[in-house]
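Below you'll find the structure, written out as structure tokens, and then a few comments.
The values are calculated or read from the model by the stated rules, or taken from the named source; none is laboratory data. For clarity, every value in this text was computed on a predicted model and none was experimentally measured. No Cβ is skipped: glycine too gets one built from the backbone with ideal geometry, and neighbour counts run over all protein chains shown.
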Amino acid sequence: MVKENTSKKLALGDAFLSVRGITKEFSTVRVLDQIDLDIKAGEVMGLIGENGAGKSTLIKIISGIYQPTAGSVYLNGEEVSIRNYAEAKALGISIVPQEFNLINTLTVYENIFLGNEVLLRSGLLDKGTMRRQSIEQLEQLKMSLNVNRLVGDLSVAEKQMVEISKALMLHARILIMDEPTTMLTGHEVETLFNLMRELKRQGVTIIFVSHKLKEVKAICDRVTVLRDGLLISVDPIEEVEEKDLARKMIGRDFTQVFPAKKIRDRDDIILEVKDFGVRNLIHDVSFSLRRGEILGFAGLVGAGRTELFEAIMGLRRVEGGTIAIDGEEVKIRHPRDAVNLGMGYISEDRQGKGIVANFDVPKNITLITLSDYKKRLLIDFKKEERRAEEFRKTFRIVAA
């Protein structure tokens, strides 16, 4: 909403969205410190920084999800108070979240209109109109997606497209995209970028949050760098190279992007998969992994990459094939078997399958090894917290 005292204005030139002195603290942790930023109407503004830099906090303040500890937000020079996401949407601000806000038991079109349903005079849902407009929206995205499918049956990339369609259906003037390309293929990324260029031509302002510097260079007009809650720079995209942005993000020069590769012993195979199969999904897949090696798997959405490794980890029923670790054949019937063999799995769906959202950070870190902290029939919470703190420091986890 616009504040009642409309005399408070800024002379912002051609800035459409501005923040002044935005500060955010969680308890004693200051995650944003006096951020001043102007974004022009119809531009694509990149927002980059390491994990914990404050990117997500800033966009959550702009979209009303968080309230700032100090500072103000302005639209067209007018100070606005955005107390929740509903008020942000009413002002034309929509967010495409990094973690999905979809209901798996509803259809694609029902999710696209979630919270914005079209009603008949009788008060019932106008499903025909919702279906038709959803199809039109997806066609603009060049996505072939059956709007009658349940969202729970979609791939991660398809769910991402539903999120984008849902935001665009609100006719947003400001569209905040939080890591929107994380799970998209190259073709899908280019489709998204073409849509962003069209939205830009229509005057929509876009905030593009990403870790992918090549994509930032490809689509953004300017780029803002945050580091440790501070605004480091705002640059026209043509004036900075990827290495400049990386240096600003981490606060030091890159001397080596990747360490020199070591020549691995051909016989030092730690994992070997032969003739592996999952019914109707994967057939006769074989590969080997050497100790200390990084092995990449590529393929289009639906090719079976995720399903292959879910099966190896005991999350799916295997139709055939063998798995050997250090030359010995093993049976993995349950994820616990894989964990006991020294295997780990990081899901592509971090919120849905990677964490327990209502547990705190230490409990999520130690959850898989909870038996290590048993003290008779109870949990040794001090030991658990010490171990979690070690991991937090090692991986530089910033938590409120």
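Could you pull out every one of the strands (runs of 3 or more DSSP E) wholly within region 250-331 that has 1 or more residues that are of a type in the set (Ser, Thr, Tyr), within 30 Å of His187 (Cα to Cα) and at pLDDT 90 or above?
Working: elements: 269-278, 282-290, 320-325, 328-330.
The qualifying strands (runs of 3 or more DSSP E) are 282-290.
Which of the residues that make up region 40-56 are in contact with a Gly (Cβ under 8 Å, 6 or more places away or on another chain) and within 18 Å of Phe26 (Cα to Cα)?
Let us first name the residues in region 40-56 that are in contact with a Gly (Cβ under 8 Å, 6 or more places away or on another chain), namely 41-42, 53-55.
Within region 40-56, Ala53, Gly54, Lys55 meet the criteria.
What's the number of the only condition in (1) outside any helix (DSSP H, G or I); (2) under 21 Å from Ser63 (Cα atoms) that Lys200 fails to meet?
With (1) outside any helix (DSSP H, G or I); (2) under 21 Å from Ser63 (Cα atoms) applied to Lys200, the lone miss is (1).
Could you list all residues from region 82-98 that are charged (D, E, K, R) and in a loop (DSSP other than H, G, I, E, B)? Steps first, please.
Filtering region 82-98 down to residues charged (D, E, K, R) leaves 83, 87, 89.
Within region 82-98, Arg83 is the sole residue that qualifies.
Are any of the residues in region 177-197 in the same structural domain as Val29 (by TED's automatic domain parsing), basic (Lys, Arg) and in contact (Cβ under 8 Å) with a residue 40 or more places away in the chain?
In the first step, residues of region 177-197 are kept if they are in the same structural domain as Val29 (by TED's automatic domain parsing); the result is 177-197.
Now restrict to residues that are basic (Lys, Arg): 197.
From what's left, in contact (Cβ under 8 Å) with a residue 40 or more places away in the chain: none.
No, there is no match, as no residue in region 177-197 is in the same structural domain as Val29 (by TED's automatic domain parsing), basic (Lys, Arg) and in contact (Cβ under 8 Å) with a residue 40 or more places away in the chain.
I'm trying to understand the selection: among the residues of region 129-182, which are assigned to a strand (DSSP E or B) and either surrounded by fewer than 20 Cβ atoms within 10 Å (Cβ to Cβ) or over 14 Å from the mean Cα position of the chain (by Cα) (or both)? Break it down into steps so the answer makes sense when it comes.
Here is the first cut: in region 129-182, the ones assigned to a strand (DSSP E or B) are 150, 174-178.
Within region 129-182, Leu150, Ile174, Leu175 qualify.
Among the residues of region 45-81, how many are within 28 Å of Val398 (Cα to Cα) and either in a helix (DSSP H, G or I) or not polar (S, T, N, Q) (or both)?
Total satisfying the criteria: 24.
What's the number of the only condition in (1) within 22 Å of the chain's Cα centre (by Cα); (2) modelled with pLDDT of 95 or more; (3) more than 30 Å from Gly186 (Cβ to Cβ); (4) buried (at least 17 other Cβ atoms within 10 Å of the Cβ) that Asn111 fails to meet?
Every listed condition holds for Asn111 apart from (3).
Quick check: anything in region 99-107 part of a loop (DSSP other than H, G, I, E, B) and closer than 26 Å to Arg20 by Cβ? Working first, answer last.
Going through region 99-107, the residues part of a loop (DSSP other than H, G, I, E, B) turn out to be 99-106.
This time we only want the ones that are closer than 26 Å to Arg20 by Cβ, so: none.
No, region 99-107 has no match at all.
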